[in-house]
Amino acid sequence: MLNIVLFGPPGAGKGTQSDLIVEKFKLIHISTGDLLRAEISKQTNLGKQAQDIINKGLLMPDSIMIDMIQNKITEHIGCKGFIFDGFPRTTVQAEALDSLLRQNNMEISTMISLEVDTPIIVERILKRGAISGRSDDKNETIILQRISEYNHKTAPVKEFYKKCNKLTEIQGVGTIQEIFSKIEKVCSTFV
Ligand code: AP5
Ligand code: MG
């Protein structure tokens, strides 16, 4: 089984690379950001809460995100593997994922961390914001807040996987295909 945590700051290319990994390795892609945006478009209670938090560039509460992941894993038991995109985003989430997977006799193969410097990600997100409907992409203050949440609460998750010898850092700058080639090589060692 191949279970990947695809990690990196906002705009690092997690969603872009997930699509290519799914195509090649036939994994189930779980993007917590996409799941939250689906709730927002349905205007559920969860969606209303998410809209407020996402628009401030802050993180959702751990308990909500862990329940969401638990449901998704249960739904797809027996699949070839998962790509976790945008989860875990805190050490509490990483510990919960570890135990959820263990309960189902699974484990993370590796975390792939896409390394991209701040000025490049701000530029990428602003460019997308001009054409996408994402409310958290439009304004530089919110983008910088998202990056600050990443630096304070999410970046430490790398240490969690490093301690378990499950951290693979990849330069997330270059063409989409160049970056995918590096990811593909790493993934191929697990299948
Ligand atoms: P989420 O949707 O996960 O957003 P994010 O992490 O901020 O990242 P993005 O989706 O913006 O970027 P990406 O890394 O996927 O890059 P992409 O491929 O799109 O989360 C949104 C919000 O939901 C969070 O802020 C939080 O509030 C909440 N949330 C979600 N999960 C949570 C959790 N677990 N706990 C708590 N809260 C949670 O690429 C970006 C752009 O760059 C695109 O336009 C793309 O075309 C372009 N691009 C990609 N690769 C390249 C390249 N190599 N060269 C040039 N351009 C490129
Ligand atoms: Mg994304």
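Just to check your reading of the model, which residue among I64, I73, I69 is of a type outside the set (D, E), out of contact with any Gly (no Cβ under 9 Å at 6 or more places or on another chain) and open to solvent by 30 Å² or more (accessible area, probe 1.4 Å)? Give the derivation first.
Values: I73 fails: open to solvent by 30 Å² or more (accessible area, probe 1.4 Å); I69 fails: open to solvent by 30 Å² or more (accessible area, probe 1.4 Å).
On inspection, the qualifying residue turns out to be I64.
Considering every residue within region 90-104, establish whether at least one is loosely packed, with under 14 Cβ neighbours inside 10 Å, on the phi > 0 side of the Ramachandran plot and more than 9 Å from ligand 1 (Cβ to nearest atom).
So far as region 90-104 goes, no, none of its residues is loosely packed, with under 14 Cβ neighbours inside 10 Å, on the phi > 0 side of the Ramachandran plot and more than 9 Å from ligand 1 (Cβ to nearest atom).
Provide a single number: the residues in region 113-127 that are in contact with a Pro (Cβ under 8 Å, 6 or more places away or on another chain) and more than 16 Å from ligand 2 (Cβ to nearest atom).
1
State all residues of region 76-89 that are at negative phi and surrounded by fewer than 18 Cβ atoms within 10 Å (Cβ to Cβ); if no residue qualifies, say none.
Result: H76, I77, C79, K80.
Table: residues versus (1) of a type in the set (S, T, Y); (2) closer than 23 Å to L167 by Cα; (3) in contact (Cβ under 8 Å) with a residue 24 or more places away in the chain.
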position	(1), (2), (3)
M1	no, yes, yes
L20	no, yes, yes
H29	no, yes, yes
I40	no, no, no
L46	no, no, no
N55	no, no, yes
M68	no, no, yes
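Say whether the condition of being open to solvent by 80 Å² or more (accessible area, probe 1.4 Å) and among the aromatic types (F, W, Y) is met by at least one residue in region 134-157. Spell out how you get there, then give the answer.
Within region 134-157, the first condition is being open to solvent by 80 Å² or more (accessible area, probe 1.4 Å), and the residues that meet it are 138, 140-141, 144, 151-153.
The next check asks that each one be among the aromatic types (F, W, Y); those that pass are none.
The answer is no; no qualifying residue exists.
In region 116-133, how many residues are within 18 Å of N55 (Cβ to Cβ), open to solvent by 40 Å² or more (accessible area, probe 1.4 Å) and more than 8 Å from ligand 1 (Cβ to nearest atom)? Write out each step before concluding.
To start, the set of residues in region 116-133 that are within 18 Å of N55 (Cβ to Cβ) comprises 122, 125-126, 128-130, 132-133.
Narrowing further to those that are open to solvent by 40 Å² or more (accessible area, probe 1.4 Å): 126, 128, 130, 133.
Remaining after also requiring more than 8 Å from ligand 1 (Cβ to nearest atom): 126, 130, 133.
So the answer is 3.
Of all residues in region 1-22 being part of a helix (DSSP H, G or I) and among the small types (G, A, S), which is farthest from ligand 1 (Cβ to nearest atom)?
If we take residues in region 1-22 being part of a helix (DSSP H, G or I) and among the small types (G, A, S), then S18 is farthest from ligand 1 (Cβ to nearest atom).
Here's a check for you: in region 167-176, which residue that is under 19 Å from the mean Cα position of the chain (by Cα) and open to solvent by 40 Å² or more (accessible area, probe 1.4 Å) is farthest from I121 (Cα to Cα)? Show your work before the answer.
Of region 167-176, the ones under 19 Å from the mean Cα position of the chain (by Cα) are 167-173, 176.
Narrowing further to those that are open to solvent by 40 Å² or more (accessible area, probe 1.4 Å): 167, 169, 171, 173, 176.
On the way: L167: 21, E169: 17, Q171: 13, V173: 10, I176: 14 Å.
Looking at residues that are under 19 Å from the mean Cα position of the chain (by Cα) and open to solvent by 40 Å² or more (accessible area, probe 1.4 Å), I get L167.
Would you pick out the residues in region 38-79 that are within 24 Å of D19 (Cβ to Cβ), out of contact with any helix residue (DSSP H, G or I) (no Cβ under 7 Å at 6 or more places or on another chain) and part of a loop (DSSP other than H, G, I, E, B)?
If the condition is that a residue be within 24 Å of D19 (Cβ to Cβ), out of contact with any helix residue (DSSP H, G or I) (no Cβ under 7 Å at 6 or more places or on another chain) and part of a loop (DSSP other than H, G, I, E, B), then H76, I77, G78, C79 are the ones that fit.
The values are calculated or read from the model by the stated rules, or taken from the named source; none is laboratory data. Everything numeric in this text was worked out from a predicted model, so none of it was measured. Using ideal geometry, Cβ is built from the backbone for each residue, glycine included, and neighbour counts are taken over all protein chains shown. The accessibility values were calculated without ligands, DNA or RNA, using every heavy atom of the protein model including side chains. Shrake-Rupley method; radii C 1.70, N 1.55, O 1.52, S 1.80 Å.
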